[in-house]
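Participant: Below you will find the structure I want to go over with you.
The values are calculated or read from the model by the stated rules, or taken from the named source; none is laboratory data. What you are looking at is a predicted structure, and each value in this text was computed from that prediction instead of being measured. Cβ sites come from the backbone with ideal geometry, for glycine too, and all protein chains shown count toward neighbours.
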Amino acid sequence: MSDPELHWLLYGGAIGLIVIGAAGIVMGKHLFRIILALAIAEAGANLMLVVAGLRPDAVAPIITGGMIPEQMVDPVPQAMVLTAIVIGVGIQALVLSLAIRVYKAYGTLDMREIRLKMAADIDAEAGVDDEVSQEGPAGERPLELPDAVTSGGPGQ
Amino acid sequence: MIWLLGLLIGMMLAAAIAVLVLENHIAAVAATSIVSLALSVVFVLLRAPDVAMTEAAVGAGLSSLILALSLRRLGLWQIEGDKHPEIAKEGVDA
C-alpha cells in the first residue's frame, strides 16, 4: 500500500462526494432531491475529516489492557465526525419537516413553481399588482390635448 | 486494501450520481443509504471503528427511516408505473 496513492484516492473520493452534493443542491429542481444532495455532501465532509487524521502505519485509537499503542490514528477528527454524523441527521429531520410545511402550504415541491407562488404571495401581501409592468409609466395618462392642437395647427 | 478502497469509493460516487439522476424517489433514498453503507465500510478500513458503527446505525439506518417516512408524508411514495394520482393522495392523508 503506497501512501500517496492512498491519500489521492481518499481525498478524491471525499471531494467528489462534496462536489456531487453541492451540484445537486445548486442545480436541483425538486426540493426532495436537494435534501438528498445535502446528505451526500455531508457524507463527503465526514470522510474528508477522517482522512485528514489518517496515518497509514497506525492502529485504531483504542487502548486495550492498559497498553498505549505506539502509533495511533489521530482520534480528535474521529470524535468530531462522530458528533457531526448525529448533527447531520438532526439537520435532515429539520429540513424534511420544513419541506412538509412547504408542501402543505403550496401543494408542490417543484422549486420553480414554489418560487412563482412565493413571489405572488409576497406581491399580494405588499399590495403590488404583479400584472403591471415594471418599465411602464406609473399613474394615469397625461391630460387630453386641447382642441386647437388636435383639430388644426396654428397655420390654419 | 487499496483495491477494496477504490471499489468502495467508486461505488459511493456512482450511487451519489444515481441519487441526482434517478427518476423514482424511493430509488433515490435507497441510493443515499448505499452511500452511507459504503462510507461506513471505508471508515472501518481507515481504522475508525466507532465512527463506522455510528455511520451505519445513524447515517444508514435512522436517516433512511426518516427519509422514507417523509416520502410517505409528501405523497411521493410511488412504485414504478404507479402513475395514478389517487394512490399518491393516500400517502398524504396517512
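Participant: Somewhere in segment B:66-80, is a residue within 9 Å of chain A (Cβ to nearest Cβ), within 21 Å of A:G16 (Cα to Cα), among the hydrophobic types (A, V, I, L, M, F, W, C) and more than 9 Å from the chain's Cα centre (by Cα)?
Facilitator: To start, the set of residues in segment B:66-80 that are within 9 Å of chain A (Cβ to nearest Cβ) comprises B:66-67, B:69-71, B:73-76.
With the extra rule that they be within 21 Å of A:G16 (Cα to Cα), the set shrinks to none.
No, every residue in segment B:66-80 fails to be within 9 Å of chain A (Cβ to nearest Cβ), within 21 Å of A:G16 (Cα to Cα), among the hydrophobic types (A, V, I, L, M, F, W, C) and more than 9 Å from the chain's Cα centre (by Cα).
Participant: Please find, within segment A:80-99, the residue that is farthest from the other protein chains (Cβ to nearest Cβ) out of those that are of a type in the set (S, T, N, Q) and under 20 Å from B:F43 (Cβ atoms).
Facilitator: By that ranking, first place goes to A:T83.
Participant: Looking only at segment A:64-88, count how many residues are more than 26 Å from B:G59 (Cβ to Cβ) and not charged (D, E, K, R). Before you say what the answer is, go through the steps one by one.
Facilitator: The first filter runs over segment A:64-88 and keeps only residues more than 26 Å from B:G59 (Cβ to Cβ), leaving A:64-71.
Within this subset, residues satisfying the condition of being not charged (D, E, K, R) are A:64-69, A:71.
Residues in segment A:64-88 being more than 26 Å from B:G59 (Cβ to Cβ) and not charged (D, E, K, R): 7 in total.
Participant: While we're here: What number of residues within segment A:53-89 satisfy the criterion of being touching a residue at least 24 places away in the same chain (Cβ under 8 Å), under 25 Å from the mean Cα position of the chain (by Cα) and surrounded by fewer than 16 Cβ atoms within 10 Å (Cβ to Cβ)?
Facilitator: Of the residues in that region, 1 qualify.
Participant: A follow-up question, please. Quick check on my filter: what residues within segment A:45-79 are within 8 Å of chain B (Cβ to nearest Cβ) and modelled with pLDDT of 90 or more?
Facilitator: Within segment A:45-79, A:N46, A:L47, A:V50, A:V51, A:Q78 meet the criteria.
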